[in-house]
2 protein chains.
Amino acid sequence: MYLSKLFIPITKDLPAEAKIKSHQLMLRTGMIKQSSAGIYSWLPLGFKVMKKIEKIVREEQNLIGAQEMLMPTIQSSEIWKESGRYEDYGEEMLRMKDRQGREILYGPTNEELITDIFRTSIKSYKSLPQILYHIQWKFRDEIRPRFGVMRCREFFMKDAYSFDLSDEEAKNSYNKMFYSYIRTFNRLGLKAIPMAADTGPIGGDLSHEFVILAETGESQIYADKNILEIDLNQYKFNDSSLQKMRNDFSKIYAVTDEKYNEDEFNKKVKKDNQMITKGIEVGHIFYFGDKYSKPMNCSIDDKDGKKTSVKMGSYGIGVSRLVGAAIEANYNNNIMKWPKSISPFDVVIIPSISKNNKENLEKAKKIYQDLKNQNIDVLLDDVDENMSNKFKKHDLIGVPFQIIIGSKSEGNNYEFKELNSKSEILNLEKIKLKLKT
Amino acid sequence: MYLSKLFIPITKDLPAEAKIKSHQLMLRTGMIKQSSAGIYSWLPLGFKVMKKIEKIVREEQNLIGAQEMLMPTIQSSEIWKESGRYEDYGEEMLRMKDRQGREILYGPTNEELITDIFRTSIKSYKSLPQILYHIQWKFRDEIRPRFGVMRCREFFMKDAYSFDLSDEEAKNSYNKMFYSYIRTFNRLGLKAIPMAADTGPIGGDLSHEFVILAETGESQIYADKNILEIDLNQYKFNDSSLQKMRNDFSKIYAVTDEKYNEDEFNKKVKKDNQMITKGIEVGHIFYFGDKYSKPMNCSIDDKDGKKTSVKMGSYGIGVSRLVGAAIEANYNNNIMKWPKSISPFDVVIIPSISKNNKENLEKAKKIYQDLKNQNIDVLLDDVDENMSNKFKKHDLIGVPFQIIIGSKSEGNNYEFKELNSKSEILNLEKIKLKLKT
């Protein structure tokens, strides 16, 4: 993509309500545009990042045998009355009536709807376990939407639901998802810590939230550094190994301020290993047994032909929120550097262009085509602007690698720079190698 | 995927309202499940087909330089008041109030919102032309939703919007999209005819609808067969060649019953070439100049610094509708055969399994792994059921190729069948070749 063609409306005057850095950066680089309070359009640059995150989330869900489907955004109120949450949910639920006067709502979550689908579809224990997921827009009518995509009203979320015959089997599904989440956040280039959590309005008796480290995060975190060092490769994908994995994580101290106790922290964690920082919740998993299946009559025939309420868990990842969270975690000292796996482009070519000399631009176009042919997703900054402005701009756009075609480039050797590092002079073959590894 | 693990709840008792064959088939094979009138969940089999269609639509939009973005489902009423459509749209628009009492709505289309985004983003003719698109859920509160996904309330649609300085340039954008649509439907394995159309509530002075041939379609079609023979490869991707392409299509007679005139048909089309059939509208493109940009003050500085309203077109493809349309076009004599490009699986392995003999199943599992390793997306029917029932089931699921492991298979030679054709005995290497070409 040539930058001059990219629809990337850069905002210079930030609105007063853009208080946190991800919100500021996303407006500044034209990643999003607000359409109403807490509702955003995703412009091409932001959309690309979100799609890359979505793809990784999807791949990791598929890897543990979860099956993708898609539930609608609009739901009937009836199933929410069955579960008892219609009244409870309060004003955060966006309610409306259709032209026939029927009560409908914009789904804030999908426990009821998936239970409704499951109860009419699966009757026998033989078809269990099942994990179903979808990646769909949700709406929660926050009283004070703020922080850009971090606390908006219409948001993009992956939510999965597991179905098992017994509590014990259900915990195996829970552990698979736990494993999948750690893998997912690792692939996104983010450091995530699982923390035992309260279950809140979803209910249930087992729950973890996944918090990524970012100095500007909303939650205070107290943890033992060692929790970041657990290597997932030591576990196999079977029930006992995954249970061991969860135990290993649970043994290491990591809490948010709600559960923090100074004496306990000092007792359990050596001074050198104490990590006090902030974090952002990006995932939450729940096991709640028959909380929904029982009132909604979602039952399964067990081996003896006896009907039993199916045991369920639900598992969420905030996909749109992760775009903001990744910025909070990686935007420092006025330089944004996207993790490679979710960067909107693999590399940007920045030629020095002057009115009388288009030679660098021509060179850049050739390199562009060469990289394109190698399936490298490249941005070419063909805008007629001085280099100092260009560098400032690309410090914000955040593509992690730059090929700079200016005074330091000679023949087939070009200045190659990784953001936050020193540049080096390399030929194109070496540059390609760097980009591909 | 093993069929026993696939979440594919097969419905045997069809509801009375399932009157057309796509609706019946989608319920029967567990592709969708209705959650309320005209609102469906997409279960894994249906979801896979829809995703494949979405991917082809996306690739073809990108190919003509359209840029993907994503607008939210919920819009503010204000922009609709600016354009003057808020009152006009009537009861099909799903309107609601948020907790602050603000009027909001579920977007039935996006001309207003994209115009709002564009007017604050692009100011100069230098940034034109631009084509932006998104693939997003829409809601139209149909008074009588019916025919499954063919006329539902919440539906998945690709809508694109073009922005140009002059009518002439805008027509070049229109022609690009025309070209893209023909390519898209070809790749989906569907025969689509573009027809000059009325512009309806979108407005404007140039419009085509794209209708695919299906005997059960809603519109009567009268056309010259030659319109299906136009080879797109003869055109280059430049303005003059694409204009010639559109002229070539326009010269050939093709109308729906609204514009049909018997005398004209007989005069313009030789008896042998007369095609009288039915069709389903799956795409619609509009050029409407400044119909939205003028009332909404979306203007551009031209070369002389003079402000002029940007010239716009809009271009829709019904992605969820296409799933149903593809069934209407390909489900005949109780056999559904998916076009290869959008089939939920590339091939299905059907072993004959009996209680005392699992040898065929073991063979099938080996072949399954072998094909998986070659990136062939394969379904293995590991269900313990007699072959006659299996064949009936797979006639509905519609995977176009079958590897049958039963009495006719010997050693490394297996029965290979393309739906609606005779089977042949082939070794695995030859089968792979067939699947890959």
Collect the residues in the stretch B:112-165 that are in contact (Cβ under 8 Å) with a residue 24 or more places away in the chain and of a type in the set (K, R), keeping them in residue-number order.
B:R119, B:K123, B:K138, B:R140, B:R146, B:R151, B:R153, B:K158
It is to be established whether one or more residues within the stretch A:82-95 are exposed (fewer than 15 other Cβ atoms within 10 Å of the Cβ), more than 22 Å from A:G316 (Cα to Cα) and either touching an Asp or Glu at 6+ places or on another chain (Cβ under 6 Å) or not acidic (D, E) (or both).
no
For the stretch A:319-336, enumerate the residues that are more than 10 Å from A:K21 (Cα to Cα) and either without any contact (Cβ under 8 Å) to a residue 60 or more places away in the chain or acidic (D, E) (or both).
A:N333
With the requirement that a residue be modelled with pLDDT under 95 and either of a type in the set (G, A, S) or surrounded by fewer than 17 Cβ atoms within 10 Å (Cβ to Cβ) (or both), what does the stretch A:169-200 give you?
A:K191, A:A192, A:A196, A:A197, A:D198, A:T199, A:G200
Do we have any residue at all in the stretch A:129-140 that's over 23 Å from the mean Cα position of the chain (by Cα) and over 23 Å from A:I32 (Cα atoms)?
yes
More than 7 Å from chain B (Cβ to nearest Cβ), within 30 Å of A:F237 (Cα to Cα), under 20 Å from the mean Cα position of the chain (by Cα) and modelled with pLDDT of 95 or more: is that true of A:T115 in this structure?
no
Could you list all residues from the stretch B:103-112 that are more than 9 Å from chain A (Cβ to nearest Cβ) and out of contact with any His (no Cβ under 8 Å at 6 or more places or on another chain)?
B:E103, B:L105, B:G107, B:P108, B:T109, B:E111, B:E112
Looking at the stretch A:9-33, which of the residues that are within 11 Å of chain B (Cβ to nearest Cβ) and at pLDDT 95 or above is surrounded by the fewest Cβ atoms within 10 Å (Cβ to Cβ)?
A:G30
Could you grab me the full set of residues in the stretch B:118-139 that are closer than 18 Å to A:L105 by Cβ and more than 8 Å from chain A (Cβ to nearest Cβ)?
B:K138
Can you work out which of the residues in the stretch A:91-102 that are at the interface with chain B (Cβ under 10 Å from one of its Cβ atoms) and assigned to a loop (DSSP other than H, G, I, E, B) is farthest from A:R153 (Cα to Cα)?
A:Q100
Going by the structure shown, is A:Y181 more than 10 Å from chain B (Cβ to nearest Cβ), closer than 29 Å to A:K306 by Cβ and not in a strand (DSSP E or B)?
no
Boolean, A:E168 is without any contact (Cβ under 8 Å) to a residue 24 or more places away in the chain and either over 29 Å from B:G46 (Cα atoms) or within 12 Å of chain B (Cβ to nearest Cβ) (or both)
yes
Which residues, counting only those in the stretch A:369-404, are modelled with pLDDT under 95 and of a type in the set (V, I, T)?
A:V383
Looking at the stretch B:2-21, is at least one residue out of contact with any Pro (no Cβ under 9 Å at 6 or more places or on another chain), in a helix (DSSP H, G or I) and within 19 Å of B:H394 (Cα to Cα)?
yes
Considering only the stretch A:186-263, give the strands (runs of 3 or more DSSP E) lying wholly within it that have at least 3 residues that are touching a Gly at 6+ places or on another chain (Cβ under 9 Å).
A:192-196, A:206-213, A:219-224
Selection within the stretch A:295-306 - more than 38 Å from the chain's Cα centre (by Cα) and either part of a strand (DSSP E or B) or without any contact (Cβ under 8 Å) to a residue 40 or more places away in the chain (or both):
A:D304, A:G305, A:K306
Is it the case that B:K372 is closer than 21 Å to B:Y2 by Cβ, without any contact (Cβ under 8 Å) to a residue 40 or more places away in the chain and under 30 Å from the mean Cα position of the chain (by Cα)?
yes
Restricting to the stretch B:261-302, and then to whatever is closer than 25 Å to B:W80 by Cβ and among the polar types (S, T, N, Q), can you tell me which residue is surrounded by the fewest Cβ atoms within 10 Å (Cβ to Cβ)?
B:N297
Identify the residue in the stretch B:103-136 that is among the polar types (S, T, N, Q) and in a helix (DSSP H, G or I) and, among all such residues, is surrounded by the most Cβ atoms within 10 Å (Cβ to Cβ).
B:T115
Do any helices (runs of 4 or more DSSP H) lying entirely in the stretch B:310-403 carry at least 2 residues that are surrounded by fewer than 24 Cβ atoms within 10 Å (Cβ to Cβ) and among the polar types (S, T, N, Q), and which ones are they?
B:359-373, B:387-397
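The values are calculated or read from the model by the stated rules, or taken from the named source; none is laboratory data. Keep in mind that what you see is a predicted model, and the values were worked out from it rather than measured. All Cβ positions, even for glycine, are placed from backbone atoms using ideal geometry, and neighbour counts span all protein chains on display.
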